[in-house]
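The values are calculated or read from the model by the stated rules, or taken from the named source; none is laboratory data. On a predicted model such as this, the values are computed, not experimentally measured, just so you know. Here the Cβ positions follow ideal geometry from the backbone for every residue, glycine too, while neighbour counts run over all protein chains shown.
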């Protein structure tokens, strides 16, 4: 009984529970296609946008069928590197998606983007219908009138014809090869340009955590976004295996946010080795983002911890932690996303940098 009372999670087997009681309504996703230079960068930027379900790197706008990266790179196919964005219109509008696009490119460059030169790296918006065309033209005109740029905006607005998915090694490149990606992006000049034009990286890329709205996506969107384990833990109050999860032994400095909503939850400064095989913390980073509830799901009373905005099941808190709090927040890695210290500003959590600079 003692082990059950102070174990980290609910070990009840929930895998046999059916999802028949869950909503049957399927959300109609909409599609936007943009060319903004290197598709690694544009894919990375859009995948951080609330309401965006999937981003695919590929090629569009040219005359060659089933192009390859080598043929497009040669500049002879007429194609540009582009991204196909599938988003939930109940969470983010096409107009808002356009705004994100403009804030991640140089729309005044007719010869490519930053270090990447050639027609295959030109910027363009590929519209699917007259409404998208109208909104794109309006947003381009409004951008030109802001005076942000000394040169005119030259990004083309073109009717969509076909999109070809790029080779698999290009998909989620920033995740597969984070060091190479960060090196490329920094030296490409993209970040420096965006900071200069938009005053700081938060305005140019994402809202700060003070202004950001943390929203729980639809169930349809979550099923596409989350891995089976992430879905089981956050949406079905599940438990991942101890010592076989992503962050139990992570010692890097940074913060942990809700995998569902992105709201800040815990800091590495409060993380300790509890010996349980799950990430353990002495306190939340931002208490307002945590909700504690009584849990009677097994033969004892425990205190469940959930995220406030994402309503994700995170884990449990126990009164057997180290001082000064005496608490042990035992959390599933599958409910978390780790933001390393060096990525805090770029990912929109710059206000937390001071925590690590003081140490």
Practice prompt. Tell me, please, whether a residue that is modelled with pLDDT under 95, surrounded by fewer than 18 Cβ atoms within 10 Å (Cβ to Cβ) and either outside the structural domain of residue 311 (by TED's automatic domain parsing) or in a loop (DSSP other than H, G, I, E, B) (or both) can be found in region 226-233.
Written response: yes
Worksheet item: Taking the stated definitions as given, is residue 56 buried (at least 22 other Cβ atoms within 10 Å of the Cβ), in the same structural domain as residue 163 (by TED's automatic domain parsing) and either part of a strand (DSSP E or B) or modelled with pLDDT under 90 (or both)?
Response: no
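Looking only at region 290-303, count how many residues are out of contact with any helix residue (DSSP H, G or I) (no Cβ under 8 Å at 6 or more places or on another chain) and touching a residue at least 60 places away in the same chain (Cβ under 8 Å). Explain how you work it out, then say what you get.
Here is the first cut: in region 290-303, the ones out of contact with any helix residue (DSSP H, G or I) (no Cβ under 8 Å at 6 or more places or on another chain) are 290-297, 301, 303.
From what is left, the residues that are touching a residue at least 60 places away in the same chain (Cβ under 8 Å) are 295, 297.
Total satisfying the criteria: 2.
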Discussion item. When you check residue 95 against the structure, is it within 24 Å of the chain's Cα centre (by Cα), in a helix (DSSP H, G or I), surrounded by fewer than 21 Cβ atoms within 10 Å (Cβ to Cβ) and not assigned by TED's automatic domain parsing to the domain that holds residue 347, yes or no?
Written reply: yes
Practice prompt. Specify which of the listed residues (131, 142) is assigned to a helix (DSSP H, G or I) and without any contact (Cβ under 8 Å) to a residue 24 or more places away in the chain.
Written response: 142
Practice prompt. Check 23, 90 and return the single one that is in contact with a helix residue (DSSP H, G or I) (Cβ under 6 Å, 6 or more places away or on another chain) and either in a loop (DSSP other than H, G, I, E, B) or at pLDDT below 95 (or both).
Written response: 23
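When the residues of region 144-160 are filtered to those that are closer than 18 Å to residue 127 by Cα and in contact with a helix residue (DSSP H, G or I) (Cβ under 9 Å, 6 or more places away or on another chain), which remaining residue is surrounded by the fewest Cβ atoms within 10 Å (Cβ to Cβ)? Step through it out loud before you land on a result.
Kept after step one, since they are closer than 18 Å to residue 127 by Cα, are these residues of region 144-160: 153-160.
Checking the rest, the ones that are also in contact with a helix residue (DSSP H, G or I) (Cβ under 9 Å, 6 or more places away or on another chain) come to 153, 155, 157, 159-160.
Details: 153: 19, 155: 25, 157: 16, 159: 12, 160: 19.
The extreme case among them is 159.
Looking at residue 186, is it more than 25 Å from residue 30 (Cα to Cα) and outside any loop (DSSP other than H, G, I, E, B)?
yes
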Worksheet item: Are any residues in region 247-263 touching a helix residue (DSSP H, G or I) at 6+ places or on another chain (Cβ under 8 Å) and either more than 22 Å from residue 237 (Cβ to Cβ) or not assigned by TED's automatic domain parsing to the domain that holds residue 226 (or both), and if so, which ones?
Response: 250, 251, 252, 253, 254, 255
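I'd like to check which strands (runs of 3 or more DSSP E) are fully inside region 267-359 and have at least 2 residues that are over 16 Å from residue 233 (Cβ atoms) and within 20 Å of the chain's Cα centre (by Cα).
Once the strands (runs of 3 or more DSSP E) in region 267-359 are filtered for at least 2 residues that are over 16 Å from residue 233 (Cβ atoms) and within 20 Å of the chain's Cα centre (by Cα), what remains is 336-340.
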